[in-house]
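Okay, so here's the structure we're looking at.
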Amino acid sequence: MDIDRDEVRAIEPRQKQERVMDTGFFWLTRIFAFSIAGILVWMAIEVGIKAVPAIQSFGLNFFTSSSWNPVQDQYGIWPMIYGTLVSSGLGLLFAVPLGVGTAIFLSENFLPTSVQTVLVFMVELLAAIPSVVYGLWGIFVLIPFLQPIGLFLHNTLGFLPIFSTSPVGPGMLPAGIILTIMILPIITAISRDSLASLPPELRQASLGLGATRWETIIRVLIPAAFSGIVGGIMLGLGRAMGETMAVTMIIGNSNDMKFSLLAPANTIASLLANQFAEASGLQISALMYAGLVLFLLTLVVNVCAELIVRKVKKF
């Protein structure tokens, strides 16, 4: 009985050098993974240590107080927490339907491949634009464009708390729109990759059963790629919560607590960017405390995203 040499070679034991290289690669990647976790814990510990004086002075009142007065050493970040959550929420409110819709449009061959490739490149190019450029564009283009719209909303819907103040230029609404543009490439790219990576048999089977193209997209493809889409949305939310320069330039940096979207506001990231360079004494500790709060908020967002993705994958 003749035995193929290739078959014999295939069942031969692996060389010692190959086993050593595989083991080394395994431990190297493990070290890298634990190093990332270690750096994250190290950052949290360092920020937490610097925040101890403020934690001892203000405790949990730091979360509920609206006073930020470096002269009297009175600090509270409730307006900044509100501004961070609302501006990020506005960014998601606009970016999710636009980003997911763009991902569907660019992944389902509605356009010729040449045109589709150009559009994908242009969407991803948005992520390469520096934050300060977005801020300058917001100051000179977006705010003047939104001024008459904000005035119309105030005059017609001013009885609603979210439009109760007259627009002065910088404010929560321009910041939310800027964040929409900045997180749009993340949501679009990840959602498109999730949809494009689905097996083509899903589309063919759905169409073969008599479903229309849009029924296939809505009832089959989006649910199948839902975990990836949610992951992209949560990454976009984390980026929006931590964005500094662009938001600082157009949100108004007001520490007053106002519910109106047309009024100036502030975020934790903007607070840190504005005051850290000139801070001293207890103010530095208060800013570190604010940074720790922002760190925890983004951590909660990522944990929630992971839980949602795991829960969806079970179905």
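Could you tell me how many of the residues in region 96-124 are free of Cβ contacts under 8 Å to residues at least 24 places away in the same chain and on the phi < 0 side of the Ramachandran plot?
Summing the residues that are free of Cβ contacts under 8 Å to residues at least 24 places away in the same chain and on the phi < 0 side of the Ramachandran plot in region 96-124 gives 15.
May I ask you to list pairs of residues, at least six apart or on different chains, whose Cβ atoms are under 7 Å apart, with the first in region 55-68 being aliphatic (A, V, I, L, M) and the second being outside any loop (DSSP other than H, G, I, E, B)?
Between residues of region 55-68 that are aliphatic (A, V, I, L, M) and residues that are outside any loop (DSSP other than H, G, I, E, B), the close pairs are Ile55/Tyr289.
Residues of region 239-261 being within 27 Å of Ser197 (Cβ to Cβ) and either out of contact with any Leu (no Cβ under 9 Å at 6 or more places or on another chain) or open to solvent by less than 10 Å² (accessible area, probe 1.4 Å) (or both), which ones?
Matches in region 239-261: Ala240 only.
Which condition number does Met257 fail, the rest of (1) modelled with pLDDT under 90; (2) not in a loop (DSSP other than H, G, I, E, B) being met?
(2)
Could you grab the pairs with beta carbons closer than 9 Å, sequence gap of 6+ or different chains, first residue in region 142-159 and touching a residue at least 40 places away in the same chain (Cβ under 8 Å), second one in a helix (DSSP H, G or I) and open to solvent by 50 Å² or more (accessible area, probe 1.4 Å)?
What qualifies is Leu153/Ile162.
Given the residues Ile251, Ile190, Ile186, which is the only one that is among the β-branched types (Val, Ile, Thr), closer than 30 Å to Glu306 by Cβ and in contact with a strand residue (DSSP E or B) (Cβ under 8 Å, 6 or more places away or on another chain)?
Ile251
Within region 44-60, track down each residue that is exposed (fewer than 15 other Cβ atoms within 10 Å of the Cβ) and modelled with pLDDT of 90 or more.
The answer is Ile45, Glu46, Ile49, Val52, Gln56.
Being of a type in the set (S, T, N, Q), part of a helix (DSSP H, G or I) and in contact with a Phe, Trp or Tyr (Cβ under 9 Å, 6 or more places away or on another chain) is the filter; apply it to region 57-82 and report the residue that is nearest to Glu243 (Cα to Cα).
The residue in question is Thr64.
Taking only pairs six or more apart or across chains, which ones have beta-carbon atoms under 9 Å, a first residue in region 292-305 that is closer than 16 Å to Ile45 by Cα and in contact (Cβ under 8 Å) with a residue 12 or more places away in the chain, and a second residue that is charged (D, E, K, R) and in a helix (DSSP H, G or I)?
Final answer for the pair search is Leu292/Lys50.
Condition first: part of a helix (DSSP H, G or I) and open to solvent by less than 40 Å² (accessible area, probe 1.4 Å). Now tell me which residues in region 221-233 satisfy that.
Leu221, Ser227, Gly228, Ile229, Val230, Gly231, Gly232, Ile233
For Asp193, work out the one condition from (1) part of a helix (DSSP H, G or I); (2) open to solvent by 40 Å² or more (accessible area, probe 1.4 Å); (3) in contact with a helix residue (DSSP H, G or I) (Cβ under 8 Å, 6 or more places away or on another chain); (4) within 30 Å of Pro79 (Cα to Cα) it doesn't fulfil.
Here Asp193 meets the rest and fails (4).
Pairs please, first residue from region 196-213 and farther than 21 Å from Thr102 by Cβ and touching a residue at least 12 places away in the same chain (Cβ under 8 Å), second anywhere and open to solvent by 60 Å² or more (accessible area, probe 1.4 Å) and of a type in the set (Val, Ile, Thr), Cβ atoms under 9 Å, 6+ apart in sequence or on different chains.
Every condition considered, no pair remains.
Can you find a residue that is touching a Leu at 6+ places or on another chain (Cβ under 6 Å), surrounded by 14 or more Cβ atoms within 10 Å (Cβ to Cβ) and on the phi < 0 side of the Ramachandran plot anywhere in region 207-214?
Checked against the condition, which is being touching a Leu at 6+ places or on another chain (Cβ under 6 Å), surrounded by 14 or more Cβ atoms within 10 Å (Cβ to Cβ) and on the phi < 0 side of the Ramachandran plot, region 207-214 yields no hits at all.
Filtering region 276-294 down to residues that are within 20 Å of Glu243 (Cβ to Cβ) and open to solvent by 50 Å² or more (accessible area, probe 1.4 Å), which residue is nearest to the chain's Cα centre (by Cα)?
Phe276
The values are calculated or read from the model by the stated rules, or taken from the named source; none is laboratory data. Because the structure is a prediction, the values reported are computed rather than measured. Virtual Cβ from ideal backbone geometry, glycine too; neighbours counted across all protein chains shown. With ligands, DNA and RNA removed, areas are computed over all heavy atoms of the protein, side chains included. Shrake-Rupley method; radii C 1.70, N 1.55, O 1.52, S 1.80 Å.
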